[in-house]
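Comments concern the structure below.
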Amino acid sequence: MKNSQQVLLSIMGWTREDGEETDSVRLLTTGTFTGVPSDCRIDYTETQPDNESSDVKLTLKHGVVTMERTGSFSSSMVFEQGCRFEGTYNTPYGELAMGVYPTHVKYQVAEGPVGKVDLTYQLDLQGQFAAMHELRIRFCPAGKA
């Protein structure tokens, strides 16, 4: 991919169990947008309050969102509307079987680059329902927010 550009990202995530919000995350960070609106990748680093960090690679292509996370807690997830994805969630304490069932997958990317990614999905760990998750990512060229 070519056409790399620095972007500012606003990331918000919610976890819901039994219809109640149990956790939320808000992050403002910078990253790199590479590619063109129809086939692109966004790379950024996520830092948690305990100073753990993960490198995240978000790929947007043909209506499918792929998220790869590296670090102490790593995973790879594919979000395609109505398609279940199975993989592993790697932790310092061992691997967990993970299932992701997206109920809402939508993204829009325009020149600039300016765009958004909206995901809602069910997460299963070790074959058991864990929670419903929502992830909202907004991005624009760095310095133009």
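Values quoted throughout were computed directly from the atomic coordinates according to the rules given, and no laboratory measurement underlies them. Treat the numbers as computed from the prediction; the structure is a model and nothing was measured. When we count neighbours, we look across all protein chains shown, and the Cβ atoms used for this are built from the backbone with ideal geometry, even at glycine.
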- Item | Positive minus negative residues near S72 (Lys, Arg vs Asp, Glu; Cβ under 14 Å) | -4
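Arrange the following residues from fewest to most other Cβ atoms within 10 Å of their Cβ: I11, I42.
Details: I11 20, I42 23.
Ordered by Cβ neighbours within 10 Å, fewest first: I11, I42.
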- Per the C-alpha gyration tensor (a ≥ b ≥ c, the square roots of its eigenvalues), segment 1-65 is rounded if a/c is under 1.5, else prolate if a/b beats b/c, else oblate; here it's oblate
- Note on the structure: D (µm²/s, integer) via Stokes-Einstein for segment 5-141, Kirkwood Rh across alpha-carbon pairs, 4 °C, 1.567 mPa s: value 84
- Message: Under a crude label model (7 Å from the Cα following the beta-carbon direction), how far is V64 from E95 in nanometres?
- Response: 2.1
- Query: Tell me, in nm to one decimal, what length is gained between T45 and E17 on full extension, where the rule is 0.36 nm per residue of separation less the Cα-Cα distance?
  - Reply: 7.4 nm
- Message: Just to confirm my numbers, what's the Cα centroid distance between segment 1-75 and segment 107-145 in Å?
- Response: 7
- Tell me, what is the percent relative contact order of segment 5-141, built from C-alpha pairs under 8 Å that lie six or more residues apart? 21
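How large is the charge dipole for segment 5-141, taken about the Cα centre, if only the Cβ atoms of Lys, Arg (+1) and Asp, Glu (-1) carry charge, to the nearest 20 debye? Let's see the in-between values first.
On the way: 11 positive and 19 negative charges, 108 e Å.
So the dipole magnitude of segment 5-141 works out to roughly 520 debye.
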